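This report refers to the structure that appears directly beneath it.
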Amino acid sequence: MPTSADESGRGDGARDGAGTRAAATRAGGAAGSDAARIEPTLTPLAAGDFKYEQARHLLWRAGFGGTPKQIQTLAGWGPERAVDYLLDTGGIAFEETKADRWDKDIMRPPSDEERRMYAEARRASNEDALARIRLERQNRERDDRRQVQEMQRWWLKRMIETPKPLEEKIILFWHGHFATSYRTIENSYHMYLQGEMFRSRGLGSFAALLKGIIRDPAMLAYLDNNDSRRDRPNENLAREIMELFALGIGNYTERDIKEGARALTGYTFVDDEFQFNRRNHDTGGKTILGRSGNMDGDGFIDAILARKECAQYVTRRLYNFFCADVPPDERGGDRDLPEGQRAFLRRLGESLYADEYHIGKTLRRLLLSKHFYSPRFMGQQIKSPAVLVAGAARSLDAPARDLSILSDAMDLMGQSLYHPPSVKGWDGGRSWINTSTLFVRQNLMAYMLTGRKPQGYDATADTQRYDPMPLLEELRAADPKAAEDAGAVVDYLLRLALGRSESAAHEALMGFMGQAGNRVTRDSVTGCLLLITAMPEYQLC
């Protein structure tokens, strides 16, 4: 974020799981009168309508939330400058991602000498030598697991600290879209390389990204394409590209999958580099989605991109992540969507196709549209664990404390980075919330704000004591007396943390402030935030 905007006992107000489920139900929206207010076109939001609430909404959806100063800065800029600033992921000084940060040789292939020694040990039935080789392999696997854990902490730290939040948010989107799990490939450096491809191409051409994914060592290993040969084509990668990555169910045939698998034969990798093995590639003619010819992997991708269904499918996935929950394809329940929403999705998909699949341009149209700022969608998306954790740190200025604890908590909440549950990625939405994950969510917020753990306190509780008072600077600048008034401070905090001040929440917090003598102090403000972050509404953004 810009320098001017980034100077970087829970109580009895906590609600139970039923309350959070009620809030989650609201995330689905209500039909009726709200539907009439859904803008069906790509009409941009008027500058005069872009205020605090809209800027806050933009920061949460195109990033991980923001402080009051950041929100006010973007509101003052207006929608175009604010959106363009977030989309411009270059030219801002921040920690560079360097390949040599990570050890790429932990899971390197064996050398010729090591292969020779292994072969000799097997021929001689030398159990001692074979045991040493197995132990060496186990040690490498252990070291690689440690490295991927360090990568999790590194990525989470970037989400929290980066001045370019949309860059990390789009990587998180593609990580769930092209879901690849470390548990299957067991090569941390390949997971890093895939993430860097998302970083460099994530807001550019989807065509380039899709052609990159069929050359990505992590994906090739995850879907077994490195073992696909002309006499035994493996269909996994071709199937998932059509079903989950680019077209959606119903827009291809089994014959298209088989022909696509033939086009992808010979696409493999050696160590960390893609390799096209011509000897294993099927050079025969193929027919895919109505196109015929001697197609390779790029030809397969081009046949997919030529279909407008591809643009519609990718648009829906972007829309689902950044705007509102929708089925992944039109067969998944569009009848339940208001016509204005369906019309908007069609037009946004048409714009992606017309822009030759440029993700950044389409995302800009979405983030500038009146549709995006519809009351039906604002404050209605359930926060993923990554958004919850990074968002609390960024919007409340809460200390991250121990990144290992945060990462472990994310795992308990259902989102372990680099470990999506399947090739479908995370289901998201209401699947994030259940009685178990809600308990972790509330305890984690208490930990970040106080250092308190379910058993005892973290060592950082005293060395990184949370100070919420800088959050009140914008209120104090506007009205010094309001910054000392308990009611004004409560409304201000609710507007920051929930996007609105509701009477029930206001009453609960005023009861707490009354017990504190209605004094605005470090402890009373922290207590208010503990109560707010325990509310069901805090799970939404």
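Taking the numbered list (1) aromatic (Phe, Trp, Tyr); (2) touching a strand residue (DSSP E or B) at 6+ places or on another chain (Cβ under 7 Å); (3) open to solvent by 40 Å² or more (accessible area, probe 1.4 Å) in turn, residue 274 passes all entries but (2). Kindly evaluate residue 106 against the criterion of being over 32 Å from the mean Cα position of the chain (by Cα) and among the β-branched types (Val, Ile, Thr). Against the criterion (over 32 Å from the mean Cα position of the chain (by Cα) and among the β-branched types (Val, Ile, Thr)), residue 106 does not qualify. Apart from one condition, residue 118 fits all of (1) loosely packed, with under 14 Cβ neighbours inside 10 Å; (2) over 30 Å from residue 369 (Cβ atoms); (3) at pLDDT below 85; the exception is (1). When residue 463 is tested against the conditions (1) among the hydroxyl-bearing types (Ser, Thr, Tyr); (2) open to solvent by 60 Å² or more (accessible area, probe 1.4 Å); (3) touching a Leu at 6+ places or on another chain (Cβ under 6 Å), the lone failure is (3). If you go through the range 218-239 and keep only what is of a type in the set (S, T, N, Q) and open to solvent by less than 30 Å² (accessible area, probe 1.4 Å), you end up with 225, 228.
Residues in the range 193-241 that are within 15 Å of residue 262 (Cα to Cα) and either in a helix (DSSP H, G or I) or among the hydroxyl-bearing types (Ser, Thr, Tyr) (or both): 220, 225, 226, 227, 228, 236, 237, 238, 239, 240, 241.
Let's see how each residue does on (1) open to solvent by 30 Å² or more (accessible area, probe 1.4 Å); (2) of a type in the set (Phe, Trp, Tyr); (3) part of a loop (DSSP other than H, G, I, E, B):
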{"residue": "255", "(1), (2), (3)": "yes, no, no"}
{"residue": "259", "(1), (2), (3)": "no, no, no"}
{"residue": "269", "(1), (2), (3)": "yes, yes, no"}
{"residue": "279", "(1), (2), (3)": "yes, no, no"}
{"residue": "282", "(1), (2), (3)": "no, no, yes"}
{"residue": "287", "(1), (2), (3)": "yes, no, no"}
{"residue": "292", "(1), (2), (3)": "yes, no, no"}
{"residue": "295", "(1), (2), (3)": "no, no, yes"}
{"residue": "299", "(1), (2), (3)": "no, no, no"}
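Residue count for the range 392-406 under the criterion of being open to solvent by 20 Å² or more (accessible area, probe 1.4 Å) and either over 22 Å from residue 471 (Cβ atoms) or under 16 Å from the mean Cα position of the chain (by Cα) (or both): the result is 4. Residue 363 falls short on exactly one of the conditions (1) buried (at least 17 other Cβ atoms within 10 Å of the Cβ); (2) more than 14 Å from residue 61 (Cα to Cα), and that condition is (2). For the range 407-454, filtered to residues that are acidic (Asp, Glu) and within 18 Å of residue 153 (Cβ to Cβ), the residue that is surrounded by the fewest Cβ atoms within 10 Å (Cβ to Cβ) is 411. Look at the range 180-191: where a residue is closer than 11 Å to residue 107 by Cβ and at pLDDT 95 or above, no partner that is buried (at least 24 other Cβ atoms within 10 Å of the Cβ) and acidic (Asp, Glu) sits 6+ places away or on another chain with Cβ atoms under 6 Å. Only residues that are in a helix (DSSP H, G or I), open to solvent by less than 30 Å² (accessible area, probe 1.4 Å) and of a type in the set (Gly, Ala, Ser) were counted in the range 36-83, giving 3. Here the condition is being open to solvent by less than 60 Å² (accessible area, probe 1.4 Å) and among the charged types (D, E, K, R); of 474, 484, 507, it holds for 474 alone. Set side by side, the residues 100, 128 differ, and just one is within 30 Å of residue 162 (Cα to Cα) and exposed (fewer than 10 other Cβ atoms within 10 Å of the Cβ), which is 100.
The single residue among 133, 160, 170 that is open to solvent by 20 Å² or more (accessible area, probe 1.4 Å) and either among the acidic types (Asp, Glu) or under 30 Å from residue 394 (Cα atoms) (or both) turns out to be 160.
Checking each residue in the range 468-506 for being farther than 25 Å from residue 54 by Cα and part of a helix (DSSP H, G or I) picks out 484, 486. Scanning the range 306-333 for residues that are part of a helix (DSSP H, G or I) and open to solvent by less than 20 Å² (accessible area, probe 1.4 Å) returns 310, 311, 313, 314, 315, 316, 318, 319, 322.
The values are calculated or read from the model by the stated rules, or taken from the named source; none is laboratory data. Just so it is clear, the model here is predicted, and its values are computed rather than measured. Please note: Cβ atoms are built from the backbone with ideal geometry, for glycine as well, and neighbour counts cover all protein chains shown. The area values use the complete protein model at the heavy-atom level, side chains included, leaving out ligands, DNA and RNA. Shrake-Rupley method; radii C 1.70, N 1.55, O 1.52, S 1.80 Å.
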